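Asker: Sharing a structure here in structure tokens format.
The values are calculated or read from the model by the stated rules, or taken from the named source; none is laboratory data. All values derive from a computational prediction rather than experimental measurement. Backbone-built Cβ (ideal geometry, glycine too); neighbour counts: all protein chains shown. These area figures cover heavy atoms from the full protein model, side chains too; ligands, DNA and RNA do not enter into them. Shrake-Rupley method; radii C 1.70, N 1.55, O 1.52, S 1.80 Å.
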Amino acid sequence: MTIRGRVPAKAVDALVVLGFVLGAVYVLGRLWVDPNGRYLQLNFQDYFQFEWFLTHATEVFTKGESPFFSDEINSPQGVNLMGNTSVLALSLPLTPITLWLGAGVSFAIISTLALAGTASSWYWLFSRELGRSRLAAAVGGAFLGFAPAMMSQIAGHPNIAGQYLIPLIIATVLRMRHPGKVWKHGLVLAALVIAQAGINEEILFFTALTLAIFILAYVPWKQLPGLAKIVLPKSAVTLVVAGAVLAYPLYFQFFGPQAYHGLDAAVRAINLDAYSYVKFGRFSIAGDTVEAARLNRGNASEENSFFGWPLVVVLVAGAIALWRNRLARALLITGFVFMIMSLGDIIRFNGVDHTRVHGPWKWISKLPIFDSVVPTRLGLVVTVCVGVGLALLVDKLVVDRFRRPATVTVAEPALEPEPVLVGSSGPAATDVPPPAPRPASGSGGSADPAPRRSPRLALVWGVAILAALIPLFPTPQPVDGRPPIPELFTDGNWRTKLPRNPVVAPMPGGWDDNLRMMRWSTATNLEVKMTAGYFLGPNDTVPDDKFGHFGPGYRDSIMYLNWARGQKTAPDPSQKERDAMRADIRFWKATNLVLPAGYPNVTVIRDTIDKLVAGDAEPGRLVDGVWLWDVRSISGTG
């Protein structure tokens, strides 16, 4: 097969995919210079968390550790890894790379695959399954792989940006509309669902919601019963097979140790600003970091809108031009629904919560499963609708208008705006319909009319689309050099400076120390247990609080030390505060307390800890870049 008898189609496909790969390398090139010596700057906390998960995956093979749980952080309670972004479908296969080249290289591979793989997968869906021209497929694929939302998510969420299985899931669902092949279609979809669950369950949930709304908007309601008769048996196969494989992991996630139910109110309140949809984000060449931070509350990793006003204008004009096209209408309806939901509980506009207008999310978010959704991420579905819409615009308003009507004899795609032929024994009942001319549409808009050859109008649309996309061209991800880790946790020094089976409590504790501790744990190859960490789990200090929180609850001694570090001199703790420190050390079963030597106001914190443990433990000693206390006499450990 060739394109107009000139360039082989496979060569075009290869060049497009190569372009996507080069685009991903361009975006992540600064990280690839030194993956183990640099990190992505704008979401470093999730970056280092991912490296910890990648390192833990190696222990599944080298030490026989559970892939679903670990007590190597947040000791002794541990962390439910199924309730966190452990990306088992990626981290386990990458174990040889992680062991050989380090977690930084594995993270760079995952991130590169997320961008290039997602763009390539959408390109395949558009050009193979939906019958779009390769130009339209390339434009749609490029947008969906490198959209502003994808650039934001790749800053620390390669599991969310990695949507390369989603087009495959969509293609399989579309094929299920044809009668027959119940087991084949059901098993293929089950395999894809299982794999996607091992990458990110949230995106899988979004995909199911999106398809449900899209199908209701696209398929004529009179045909829904007939379509359901064909699809439901195949869906049952998927449900049984995927359910059987995922039953235990999901049970462990929701009912296993350290399980949580829903996210805390602060996370559930992260929504998109309505005005942000027409502005440019910080990751685009036309973007303004200050403006993006103002509209998105400084959350660089959740800028899931920011299409810019030129693209919004083009999309509105395109929707008007293609209003008779049922696919265009269904995309518009689906995108609008998710745009409204992405605005969250209280709708914000222009950076201010002054509207006092409640969105529908206020009530939807109270439903099971929905209470674990961050509303801002629903904007990712809007991005998909925009990307598919762009491919449709390029195909219908640019490419088709350069063709002569007689040449439009491409194969009908699985999702062409025409009635669903339920139970037909003709071409529509097969998986790959034979080529047939596109029929003219009537007033009902069931199919597109043959395009008129109008190169000038096509050129206008082409220039408009290009002008709308150029400002969204992505910028390279900013990186920074990794801060040094105390020598105690490098080069195996902990093996001689700490007792056997050490359990270390980072001091003074709190957000920054939880993040710092994740790097310490990774540096020791998880051989030193840590009492805190950066993860999602229930609040261990409030038993009735089962919502997911970042890190452990702040115990009494942690709160006291964080107050003390703001003082000019070390306070004299009361007996109550001394007792609280001992109670916490026993709870942690800690062998050592550790305070980095370069910590701000380190002298005050060190002297305060000395006073808290005085009489039962020796004062802290400076050892390999940290102040170290041996508290085994208090915890009874070791």
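Here is a yes/no grid of residues against (1) open to solvent by less than 20 Å² (accessible area, probe 1.4 Å); (2) modelled with pLDDT under 95; (3) over 21 Å from Met517 (Cα atoms); (4) of a type in the set (Phe, Trp, Tyr):
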| site | (1), (2), (3), (4) |
| --- | --- |
| Gly551 | yes, yes, no, no |
| Tyr554 | no, yes, no, yes |
| Tyr560 | no, no, no, yes |
| Lys568 | no, yes, yes, no |
| Ile585 | yes, no, no, no |
| Thr591 | yes, no, no, no |
| Gly598 | no, yes, no, no |
| Val602 | no, no, no, no |
| Arg621 | no, no, no, no |
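Asker: One residue is enough: does the range 324-338 have a residue meeting the conditions closer than 18 Å to Arg268 by Cα, open to solvent by less than 50 Å² (accessible area, probe 1.4 Å), in contact with a strand residue (DSSP E or B) (Cβ under 8 Å, 6 or more places away or on another chain) and not charged (D, E, K, R)?
Answerer: No, that holds for no residue.
Asker: Being of a type outside the set (A, V, I, L, M, F, W, C) and free of Cβ contacts under 8 Å to residues at least 12 places away in the same chain is the filter; apply it to the range 520-544 and report the residue that is most open to solvent (accessible area, probe 1.4 Å).
Answerer: Filtering first and then ranking leaves Asp544.
Asker: Just one of Val21, Val60 is open to solvent by 50 Å² or more (accessible area, probe 1.4 Å), among the hydrophobic types (A, V, I, L, M, F, W, C) and not in a loop (DSSP other than H, G, I, E, B); which is it?
Answerer: None of the others qualify; the one that does is Val21.
Conditions (1) within 24 Å of Phe550 (Cα to Cα); (2) touching an Asp or Glu at 6+ places or on another chain (Cβ under 7 Å); (3) modelled with pLDDT of 95 or more, marked per residue:
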site: Trp32; (1), (2), (3): no, no, yes
site: Tyr47; (1), (2), (3): yes, no, yes
site: Leu54; (1), (2), (3): yes, no, yes
site: Ser86; (1), (2), (3): yes, no, no
site: Ala89; (1), (2), (3): yes, no, yes
site: Ile110; (1), (2), (3): yes, no, yes
site: Ala114; (1), (2), (3): no, no, yes
site: Ala138; (1), (2), (3): no, no, yes
site: Phe143; (1), (2), (3): no, no, yes
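Asker: Related question: What about Leu42, is it in a helix (DSSP H, G or I), open to solvent by 30 Å² or more (accessible area, probe 1.4 Å), within 29 Å of Ala300 (Cα to Cα) and touching a Ser or Thr at 6+ places or on another chain (Cβ under 8 Å)?
Answerer: It is true that Leu42 is in a helix (DSSP H, G or I), open to solvent by 30 Å² or more (accessible area, probe 1.4 Å), within 29 Å of Ala300 (Cα to Cα) and touching a Ser or Thr at 6+ places or on another chain (Cβ under 8 Å).
Asker: Could you list, in sequence order, the residues of the range 590-608 that are farther than 26 Å from Ser75 by Cβ and outside any loop (DSSP other than H, G, I, E, B)?
Answerer: Thr603, Val604, Asp607
Asker: Another question about this same structure. Does any residue of the range 71-78 turn out to be buried (at least 18 other Cβ atoms within 10 Å of the Cβ), within 22 Å of Ile203 (Cα to Cα), within 24 Å of the chain's Cα centre (by Cα) and not acidic (Asp, Glu)?
Answerer: No, the range 71-78 contains no residue that is buried (at least 18 other Cβ atoms within 10 Å of the Cβ), within 22 Å of Ile203 (Cα to Cα), within 24 Å of the chain's Cα centre (by Cα) and not acidic (Asp, Glu).
Asker: Residues being touching a strand residue (DSSP E or B) at 6+ places or on another chain (Cβ under 9 Å) and free of Cβ contacts under 8 Å to residues at least 12 places away in the same chain: count how many of those fall in the range 561-598.
Answerer: Qualifying residue count, the range 561-598: 0.
Okay, residues lined up against (1) aliphatic (A, V, I, L, M); (2) part of a loop (DSSP other than H, G, I, E, B):
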{"residue": "Ser75", "(1), (2)": "no, yes"}
{"residue": "Met82", "(1), (2)": "yes, no"}
{"residue": "Pro93", "(1), (2)": "no, yes"}
{"residue": "Ile97", "(1), (2)": "yes, no"}
{"residue": "Gly104", "(1), (2)": "no, no"}
{"residue": "Ile109", "(1), (2)": "yes, no"}
{"residue": "Leu113", "(1), (2)": "yes, no"}
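Asker: If Lys10 satisfies every condition in (1) open to solvent by 30 Å² or more (accessible area, probe 1.4 Å); (2) touching a residue at least 60 places away in the same chain (Cβ under 8 Å); (3) among the charged types (D, E, K, R) but one, which is the exception?
Answerer: Failing condition for Lys10: (2).
Asker: Taking the residues in the range 333-351 that are assigned to a helix (DSSP H, G or I) and in contact (Cβ under 8 Å) with a residue 24 or more places away in the chain as candidates, determine which candidate is nearest to Phe214 (Cα to Cα).
Answerer: Ranking the candidates gives Thr334 first.
Asker: Could we say that Phe255 is surrounded by fewer than 16 Cβ atoms within 10 Å (Cβ to Cβ) and of a type in the set (A, V, I, L, M, F, W, C) here?
Answerer: Spelling it out, Phe255 is indeed surrounded by fewer than 16 Cβ atoms within 10 Å (Cβ to Cβ) and of a type in the set (A, V, I, L, M, F, W, C).
Asker: Right, next: Condition first: closer than 17 Å to Ala208 by Cβ and without any contact (Cβ under 8 Å) to a residue 40 or more places away in the chain. Now tell me which residues in the range 241-266 satisfy that.
Answerer: Listed by number, the list holds a single entry, Gly243.
Asker: Trp629 passes all but one of (1) without any contact (Cβ under 8 Å) to a residue 12 or more places away in the chain; (2) assigned to a strand (DSSP E or B); which number fails?
Answerer: Evaluating Trp629 over (1) without any contact (Cβ under 8 Å) to a residue 12 or more places away in the chain; (2) assigned to a strand (DSSP E or B) leaves (1) as the failure.
Asker: I've got another one for you. Report yes if some residue within the range 444-457 is outside any helix (DSSP H, G or I), hydroxyl-bearing (Ser, Thr, Tyr) and modelled with pLDDT of 95 or more; otherwise report no.
Answerer: No, there is no match, as no residue in the range 444-457 is outside any helix (DSSP H, G or I), hydroxyl-bearing (Ser, Thr, Tyr) and modelled with pLDDT of 95 or more.
Asker: When residues of the range 211-228 are filtered for being in contact with a Pro (Cβ under 9 Å, 6 or more places away or on another chain), assigned to a helix (DSSP H, G or I) and open to solvent by 40 Å² or more (accessible area, probe 1.4 Å), how many remain?
Answerer: 1
Asker: Would the range 127-144 turn up any residue that is under 15 Å from Val388 (Cβ atoms) and aromatic (Phe, Trp, Tyr)?
Answerer: yes
Asker: When you scan the range 502-517, do you find a residue that is modelled with pLDDT of 95 or more and over 15 Å from Ile73 (Cβ atoms), even just one?
Answerer: Among the residues of the range 502-517, at least one is modelled with pLDDT of 95 or more and over 15 Å from Ile73 (Cβ atoms), which makes the answer yes.
Asker: Continuing with this model, one more query. Search the range 124-137 for residues being open to solvent by 10 Å² or more (accessible area, probe 1.4 Å) and part of a helix (DSSP H, G or I), and hand back the single one that is nearest to Val394 (Cα to Cα).
Answerer: Leu135
Asker: For Ala505, are the conditions met, namely being touching a Phe, Trp or Tyr at 6+ places or on another chain (Cβ under 7 Å) and open to solvent by less than 50 Å² (accessible area, probe 1.4 Å)?
Answerer: Yes.
Asker: If we keep just the residues of the range 339-381 that are polar (S, T, N, Q) and open to solvent by less than 50 Å² (accessible area, probe 1.4 Å), which is farthest from Gly140 (Cα to Cα)?
Answerer: The selected residue is Thr355.
Asker: With the structure loaded, tell me whether Tyr277 is assigned to a helix (DSSP H, G or I), open to solvent by less than 40 Å² (accessible area, probe 1.4 Å) and of a type in the set (Phe, Trp, Tyr) or whether it fails that test.
Answerer: Yes, satisfied.
Asker: May I ask you to list the residues in the range 138-155 that are of a type in the set (Val, Ile, Thr) and open to solvent by less than 10 Å² (accessible area, probe 1.4 Å)?
Answerer: If the condition is that a residue be of a type in the set (Val, Ile, Thr) and open to solvent by less than 10 Å² (accessible area, probe 1.4 Å), then Ile154 is the only one that fits.
Asker: Whether any residue in the range 425-441 is of a type in the set (A, V, I, L, M, F, W, C), at pLDDT 85 or above and in a helix (DSSP H, G or I) is what I want to check.
Answerer: no
Asker: If you take the residues of the range 294-318 that are open to solvent by less than 30 Å² (accessible area, probe 1.4 Å), among the small types (Gly, Ala, Ser) and modelled with pLDDT under 95, which of them is nearest to Leu380 (Cα to Cα)?
Answerer: Ser301
Asker: Let me ask another. Looking at (1) touching a residue at least 40 places away in the same chain (Cβ under 8 Å); (2) within 24 Å of Gly359 (Cα to Cα); (3) part of a loop (DSSP other than H, G, I, E, B), which one does Ser301 not meet, given that it meets all the others?
Answerer: (3)
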